[in-house]
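I have placed the structure first, in the form of structure tokens, so that the comments after it can refer back to it.
The values are calculated or read from the model by the stated rules, or taken from the named source; none is laboratory data. Computed from a predicted structure; not experimentally measured. For neighbour counting, all protein chains shown are included, and Cβ atoms are generated from backbone atoms with ideal geometry for every residue, glycine included. Ligands, DNA and RNA are excluded from the accessible area calculation, which covers all protein heavy atoms including side chains. Shrake-Rupley method; radii C 1.70, N 1.55, O 1.52, S 1.80 Å.
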Amino acid sequence: MKQAVAKAAVEQINDGMVVGLGSGSTAALMIEALGAKLSSGALHEVVGVTTSFQGEVLAKNLGIPLQNLAAVDRIDLAIDGADEVDPAFQLIKGGGACHVQEKLVAAHAERFVVVVDSTKLVERLNLGFQLPVEVLPSAWSQVQKSLVQLGGRADLRMALHKAGPVVTDQGNLVLDVSFEFGISDPGNLAKTINNIPGVLENGLFVNLVDEVLVGEIKNEVPGVRRLEKS
């Protein structure tokens with residue numbers, strides 16, 4: 001499913017485009033598919049803007065030309081995955097702790113396409129996946145208390161293969177937040193959380209998505225379903 005949807009996303013890339021390259025497992029397959037098309041000569045003069053150090057390393061190894069976000073005056077198309085997608089195309093992202101750069105790239109893009117498998121489609125956000133909130137290291141405890149006052153449970157994300165917490169590419173920490181009944185109003189909650197002193201950004205992507213490509217299997221054959229905003 002992931003390979004099918006990654007290839008479908010790359011079909012939207014044309015010669016000369018500046019493309020936002022997302023993070024995560026599905027986005028990695030998309031970057032690999034883009035690298036293959038560039039190396040074969042099927043695409044020309046495509047420049048990538050990565051959303052994570054992981055994506056930067058992968059793209060460089062594949063020979064994809066890269067530019068820093070600050071060095072480009074446009075992004076024609078951004079392609080990224082998501083941890084959850086609701087019926088209004090609102091997202092939770094940040095499972096890989098890259099949501100700050102991911103949101104910057106998505107907001108700067110003329111068109112933002114999300115690639116997911118069917119398990120990521122939900123009726124309401126945050127019932128199955130926690131909301132990541134990136135915080136300054138010195139402020140995590142204070143922010144945690146503020147999030148609890150909003151009705152959430154906020155856990156400091158701990159690393160799996162190192163002692164201590166996860167540290168983002170920006171050098172910050174991540175609080176993973178759960179609300180008992182999920183998130184019914186992503187727009188207002190995103191603004192409220194970002195107004196807490198010490199918060200850099202949260203993983204709610206509100207009113208940014210233009211199209212969702214859903215990888216799914218029907219009759220044992222992987223395919224892609226396109227969902228566009230009405």
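Does V166 qualify as being closer than 30 Å to V10 by Cβ and surrounded by 21 or more Cβ atoms within 10 Å (Cβ to Cβ)? Answer is no for this residue. Among the residues of the range 182-196, is there at least one that is in contact (Cβ under 8 Å) with a residue 24 or more places away in the chain, over 20 Å from A82 (Cβ atoms) and surrounded by 13 or more Cβ atoms within 10 Å (Cβ to Cβ)? Within the range 182-196, one or more residues are in contact (Cβ under 8 Å) with a residue 24 or more places away in the chain, over 20 Å from A82 (Cβ atoms) and surrounded by 13 or more Cβ atoms within 10 Å (Cβ to Cβ).
The set of residues from the range 133-175 being assigned to a helix (DSSP H, G or I) and not aromatic (F, W, Y) comprises P137, S138, A139, S141, Q142, V143, Q144, K145, S146, L147, V148, Q149.
Residues that are under 9 Å from the mean Cα position of the chain (by Cα) and either under 12 Å from V206 (Cα atoms) or open to solvent by 10 Å² or more (accessible area, probe 1.4 Å) (or both) within the range 83-96 comprise D83, L91, I92, K93, G95, G96, listed in sequence order.
Checking every residue in the range 208-227 against the condition of being modelled with pLDDT of 95 or more and open to solvent by 80 Å² or more (accessible area, probe 1.4 Å) gives zero matches. Here is the figure for the range 119-136: residues that are open to solvent by 10 Å² or more (accessible area, probe 1.4 Å) and more than 21 Å from S184 (Cα to Cα) total 1. Of the helices (runs of 4 or more DSSP H) lying entirely inside the range 1-112, the ones with 3 or more residues being touching a residue at least 60 places away in the same chain (Cβ under 8 Å) are found at 2-10, 25-40, 99-108. The single residue among A154, A159, A71, A139 that is open to solvent by 20 Å² or more (accessible area, probe 1.4 Å), more than 14 Å from the chain's Cα centre (by Cα) and over 25 Å from L29 (Cα atoms) turns out to be A71.
Which of (1) over 23 Å from V199 (Cα atoms); (2) at pLDDT 95 or above; (3) surrounded by fewer than 24 Cβ atoms within 10 Å (Cβ to Cβ) does K7 not meet, given it meets every other one? Exception for K7: condition (2). Of the set (1) closer than 30 Å to K7 by Cα; (2) touching a residue at least 24 places away in the same chain (Cβ under 8 Å), all apply to G152 but (1).
With the condition kept exactly as written, say whether any residue in the range 158-174 is at pLDDT 95 or above and charged (D, E, K, R). Taking every residue of the range 158-174 in turn, none turns out to be at pLDDT 95 or above and charged (D, E, K, R). Do we find that K60 is surrounded by fewer than 21 Cβ atoms within 10 Å (Cβ to Cβ) and either at pLDDT 95 or above or of a type in the set (K, R) (or both) in this structure? Taking the combined requirement at face value, the residue satisfies it.
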